[in-house]
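**Q** Below is a structure I'd like to ask you about.
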Amino acid sequence: MALFCGIGLEKWGMFLLICLPAKLINGGIAGLIGVTCVFPIDLAKTRLQNQQNGQRMYTSMSDCLIKTIRSEGYFGMYRGAAVNLTLVTPEKAIKLAANDFFRYHLSKDGKKLTLLREMLAGCGAGTCQVIVTTPMEMLKIQLQDAGRIAAQKKLMAAQAQLSTTTSAGAAESVVETRTTATQITRELLRSKGIMGLYKGLGATLLRDVPFSIVYFPLFANLNKLGQKSPDVKAPFYVSFLSGCLAGSTAAVAVNPCDVIKTRLQSLKRGVNEDTYSGILDCTRKIWQKEGPLAFLKGAYCRALVIAPLFGIAQVVYFIGIAEFFLDMLPKRRD
């Protein structure tokens, strides 16, 4: 991983002043590029995970995207993207900076970390990031899934119109009222306080901690294969491919937790869809009513999202784009 600026715990304040700005800038650049490229796939993932048996609107990722474009237009694929673009900078910065921090303090006199210590560092990083991830995912999911629920209601109204003459005009009467992230935030804060934004926190931890435990050690070891010596950075393409492979592997591994998190964080349900009281209740109902394969819904979408997202992030961090621009700033003279 990136060099931790050669600091000790007593100089943690210096880290915040020197290293954190670069982490934030790099995280922002990587996040903006990554989210812009893969957000439509993430939208398809959310809608596929939320649809339940008997209420299927989409058969695949491509089917979901095609229907979304037809019903909501091209920019319908980017519903909720503004939330991600706003919060992805601190999320990525916290995740990668925290991993660097824990790796540094778990190492013994600069020696190579054992696999267990690498996993512990990843665990710490995953735990820290949920501060931003949970409210970001909470808001994003409402906006992403709103189109699916509206389309389902229109379909049900159209079917009702065909089955009876007394419901003439029912299909046209279903009009989607679009809400914004700001409106959702205000309503959650008004009705439930700050914890309203942290609904599904346990499920988010259940997803992100194992993800980081798998991702960071796997990336570090894959990236080392491209290093000619321990003191030389791996080529950018090695960092990119390592990030892609490690990210997609970790994403698929924790997909069952992602399905549970998505279901728990959804505030609105489609027609005749189950509601859940917690992680165990959600797990039980999905297993009983949809079968074990339901926990893999959207797995390939998630792999397609995470792979380039983390590949781009690692390339930006390893190239040190922020450090390059910060070095160009005039130095203060005492």
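**Q** Return the lysines within reach of Lys233: Cα separation strictly under 20 angstrom, same-chain partners fewer than 8 residues apart disregarded; answer none if there are no such residues.
**A** Lys23, Lys111, Lys112, Lys224
**Q** Using unit Cβ charges (K, R positive; D, E negative) and no other charged atoms, how large, in debye to the nearest 20, is the dipole of region 140-273 about its Cα centre?
**A** Rounded to the nearest 20 debye, it is 220 debye.
**Q** If you don't mind, there's one more thing I want to ask. When the accessible area of the chain is computed with all protein chains present and a 1.4 Å probe, what percentage of it is carbon and sulfur?
**A** C and S atoms contribute 66 percent here.
**Q** Taking only protein heavy atoms into account and a 1.4 Å probe, give the accessible area per residue of the chain in Å². Before the final figure, lay out the partial values.
**A** Working: 16540 Å² over 334 residues.
Per residue, the chain has an accessible area of 50 Å².
**Q** Using the crude model of +1 on Lys and Arg Cβ and -1 on Asp and Glu Cβ, and no other charge, please compute the dipole size for the chain relative to its Cα centre, in debye to 20.
**A** 180
**Q** Along the charge dipole of the chain, Cβ charges K/R +1 and D/E -1, which of Gly270, Pro135, Ala299 sits furthest on the positive end?
**A** The listed residue farthest towards the positive side: Gly270.
**Q** Another question about this same structure. Provide the solvent-accessible area of Lys67, counting protein heavy atoms only and rolling a 1.4 Å probe, rounded to the nearest 10 Å².
**A** 80
**Q** Quick one: if you stick a label point 7 Å off each Cα along the C-beta vector at Thr179 and Ala82, how many nm between them?
**A** Result for the modelled spin labels: 1.5 nm.
**Q** Also, quick follow-up: Could you work out the relative contact order of the chain? I mean the mean sequence separation of Cα pairs under 8 Å and 6+ apart, divided by the number of residues, in percent.
**A** Relative contact order, the chain: 26 percent.
**Q** At 7 Å along Cα-to-Cβ for each site, give me the label-to-label distance between Lys289 and Ser191 in nm.
**A** 2.0
**Q** Right, another one. With a cap of 13 neighbouring Cβ atoms within 10 Å, and only residues DSSP puts in a loop, list the trypsin sites (Lys or Arg not before Pro) found in region 96-137.
**A** Lys108, Lys111, Lys112
**Q** Would you check the accessible area of Leu189, probe 1.4 Å, heavy atoms only, in square angstrom rounded to 10?
**A** Surface open to solvent at Leu189 totals about 80 Å².
**Q** Let me ask another. Explain nothing, just the number: dipole magnitude of region 187-334 about its Cα centre with +1 on each Lys and Arg Cβ and -1 on each Asp and Glu Cβ, in debye rounded to the nearest 20.
**A** Approximately 260 debye in magnitude.
**Q** Something else now. For Lys285, give me every one of the lysines with a C-alpha distance below 29 angstrom, ignoring sequence neighbours fewer than eight places off in its own chain.
**A** Answer for Lys285, where 29 Å is the Cα cut-off: Lys45, Lys67, Lys140, Lys153, Lys154, Lys192, Lys199, Lys261, Lys268, Lys297, listed by chain and number.
**Q** Something else: Stick to the Cα atoms of the chain, pair each with every other, and give me the Kirkwood hydrodynamic radius in Å at one decimal.
**A** Working: mean 1/r = 0.0468 Å⁻¹.
About 21.4 Å for the chain.
The values are calculated or read from the model by the stated rules, or taken from the named source; none is laboratory data. None of the values given here were measured: they were computed from a predicted structure. Glycine also receives a Cβ, built like all others from the backbone with ideal geometry; neighbour counts cover every protein chain displayed. Calculation scope for accessible area: heavy atoms of the full protein, side chains included, ligands and nucleic acids excluded. Shrake-Rupley method; radii C 1.70, N 1.55, O 1.52, S 1.80 Å.
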